[in-house]
Each structure stands twice: as structure tokens, then as C-alpha cells.
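Below is one structure, written out as C-alpha cells, with a few remarks after it.
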Amino acid sequence: MFGGAAVALGMGFVMLLVVGVYLVAGNLLGGVTSASRGLAKGAVPAAYTSLVKKWGNLCPALSPALLAAQLYQESGWNPTVVSPADARGIAQFIPSTWATHGIDGNGDGKRDIWDPDDAIPSAASYDCELAKYVKDVPGNVSDNMLAAYNAGAYRVIRSGGVPAISETRNYVQRIRSLEKSFAAPVSRIDPTRQAAGAISFAQSRLGTPYLWGGEGTVEQGGRFDCSGLTKAAYEKVGITLPRVANDQYNAGPHPSRDQLLPGDLVFFSDDLTDSRAIRHVGIYVGGGYMIDAPRTGAVIRFDPIDTPDYFGATRVTEDGAKALPTNV
């Protein structure tokens, strides 16, 4: 009975909201994406928030959001990861680079490449040192700083800016896009044109039984779990999201509760200080409701978002989704 009523309600409800999305996209809000030097709520794991805030303000070329984006790109906040090139820890220092640029960030008398209390300050210190090396190079100093971190300052100086190395250019572009996901917006965020299509897809799946790990394949009977549904909804409009909810959180900037628009992804967690602890996601449709795949034994349906475990929202963008690292 509930499922039938929800679907009936949804047909008219969502149609009005889809029209509303396009009205908003017609600049009735006049929104622009604008990021401050602050951090979005919970975007940085609680264990590292104070470090990123402090050291992200070390020099004008750096900001907490930019440092957070760089660390996320480098390691996905994993302090024990080792790359195939033997880059180590949360900031992915090569041992030889660490030997000359690692600092004792926590003042315990040791420089430990594996300790985020040393590695995060070292990343910021190294960034700012590189910014000084490339300060007279044409172009944006933060872009040149990031390029130097990836390819070496001498290549940036010799090239007169970000060098024509695809890995380096992609590195800079990804981090600058991810920066918007870690920054606290200071003004209204632009709506996206794909929102209505994502809602339409989710609406078409109302009443479908939940399947843990479900991605909607024929073998799975077209069933989804929560992040499988949101991933499929945005794939339908040409945006590829990561598979799990806590990575989807970084696919764009974060509107506040009173700035939500239909199509925004809404997230839920038992730890409201850490986006890596997110355990559920849905697609906002307006009026305080989302379409989601809630749990085993339930169906895809409308649910309210204003619950104690509401974490926040993401306005999915193409650039934000493309910037997400594949190894987090």
C-alpha cells in the first residue's frame, strides 16, 4: 500500500520538481560557485581537519581546501598506502624527497613519513617551498606549484608554466576541480543541467526491490543498492560517479540544507565529522524528500532527508566527477 501511494504521489510531485530544476537552471537564482579558504562540513576526516586547516594557510598559494584536495588525490586519506613508484603515506612522498623536505610537524623529535602529523605539514611546507621557486613563472602560482609537486620545479620553470606533460596537466586539473568539493561555498552554487534526467531515472525505478551490491544489471533483476542507484541515475545523463557513497560525496560542491535543489545527492552517516564514514545516499527531489534504495527488504521509494544522521549534500558536476581518483 505504501509503495503504491508513494509512486502515485511521486508522479505529480517529481514532474513539478523537474520543471523547477530547469527554471532554476535558467538563472533565476543567479548562482555562482564561489569557494572560500574554509572547508566544507566533514569533507576532511576529523582526525586530519585541524592539521589541514592550520597548514593549509601556510602560504598564499595554498588553502585548506587545496591541500585537502591534493591529499585526497594522492592517497584517499590512507596513511599506509604505497604506490608502485614507492611513494609512501598520506602525502605520497618518495623517500628521497622526504629525506630533504620532510619536517617534524608534531615536534616529537622524529620525521616519520607514515605519520600524518608529520606528512601533512611536510606536504604543505613542500608546496609553499615550490611556490617560492615558481613565483616568477607566468600563469597561476597555485597551478604552477601543483605542477612542480608532480613534475619538479625545474620543468615548470623551463616550460614557463605547467609543462605539456599529460600526467602533470591532469594532476593540476583534477586537484583544482576537487578543491571545489573540499571548500565551503560562500555563495549559491549553480544548478546542473543533468539534474532532471537523474531524477527521472530514479523515479522510473520506484518500487524496485533493494539489492545489496546491486547495479541494476539484467542478472540482478534491475535491482540496486543506494549508491548503485545514484551512480546509474547520473550515468544516464553522462556523468560517471564512483561506486560507493563516501566517494560520491566528492563529486562536486556542497550546498547547505536551505540551498538544496532537486538532483543533489544527499548523504547520511553515523559520524557527522567524517565524509569517509558516509553509509547512505539518495537523490533529493524537493520538499524535504529523496528517492533512495534504503535497505534489504525495502523498495526504492521516497524518504525524508531530515533525520539525525543527515550528513550533507553534493551538487554533482561533470568536472567534479571526472576529477575523482580511481584508487581511493
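The values are calculated or read from the model by the stated rules, or taken from the named source; none is laboratory data. This structure is a prediction, so every number in the text was calculated from the model and none was measured. Glycine gets a Cβ as well: all are built from the backbone with ideal geometry, and neighbour counts include every protein chain shown. SASA here: full protein model, heavy atoms, side chains in, ligands and nucleic acids out. Shrake-Rupley method; radii C 1.70, N 1.55, O 1.52, S 1.80 Å.
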Using beta carbons and a limit of 8 Å, which pairs, at least six apart or on different chains, have the first residue in region 165-179 and free of Cβ contacts under 8 Å to residues at least 60 places away in the same chain and the second one surrounded by fewer than 18 Cβ atoms within 10 Å (Cβ to Cβ)? I165/R155; T168/R155
Residue by residue through region 300-322, note down the ones that are closer than 18 Å to Y234 by Cα, open to solvent by 10 Å² or more (accessible area, probe 1.4 Å) and assigned to a loop (DSSP other than H, G, I, E, B). T317
Selection from region 218-230 of residues that are of a type in the set (D, E, K, R) and open to solvent by less than 40 Å² (accessible area, probe 1.4 Å): D225
Counting only residues that are without any contact (Cβ under 8 Å) to a residue 60 or more places away in the chain and not aliphatic (A, V, I, L, M), region 290-325 contains a total of 7
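Condition check: among the acidic types (D, E), modelled with pLDDT of 95 or more and under 28 Å from the mean Cα position of the chain (by Cα). Does D127 satisfy that? Steps first, please.
Working: among the acidic types (D, E): yes; modelled with pLDDT of 95 or more: yes; under 28 Å from the mean Cα position of the chain (by Cα): yes.
The answer is yes for D127.
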All but one of (1) part of a helix (DSSP H, G or I); (2) farther than 25 Å from T314 by Cα hold for K135; which doesn't? (1)
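Considering only region 280-291, state which residues are open to solvent by less than 60 Å² (accessible area, probe 1.4 Å) and in a strand (DSSP E or B). Show your work before the answer.
Taking region 280-291 and keeping what is open to solvent by less than 60 Å² (accessible area, probe 1.4 Å), we get 280-286, 288, 290-291.
H280, V281, G282, I283, Y284, V285, G286, M290, I291 - these are the residues of region 280-291 that are open to solvent by less than 60 Å² (accessible area, probe 1.4 Å) and in a strand (DSSP E or B).
Being more than 29 Å from M290 (Cα to Cα), exposed (fewer than 14 other Cβ atoms within 10 Å of the Cβ), among the aliphatic types (A, V, I, L, M) and at pLDDT 95 or above narrows it down to one of V82, V52, so name that one.
Values: V52 fails: exposed (fewer than 14 other Cβ atoms within 10 Å of the Cβ).
Being more than 29 Å from M290 (Cα to Cα), exposed (fewer than 14 other Cβ atoms within 10 Å of the Cβ), among the aliphatic types (A, V, I, L, M) and at pLDDT 95 or above holds for just one of V82, V52, which is V82.
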Given the condition in a strand (DSSP E or B), surrounded by fewer than 24 Cβ atoms within 10 Å (Cβ to Cβ) and either at positive phi or of a type outside the set (G, A, S) (or both), answer yes or no: does some residue in region 292-299 qualify? yes
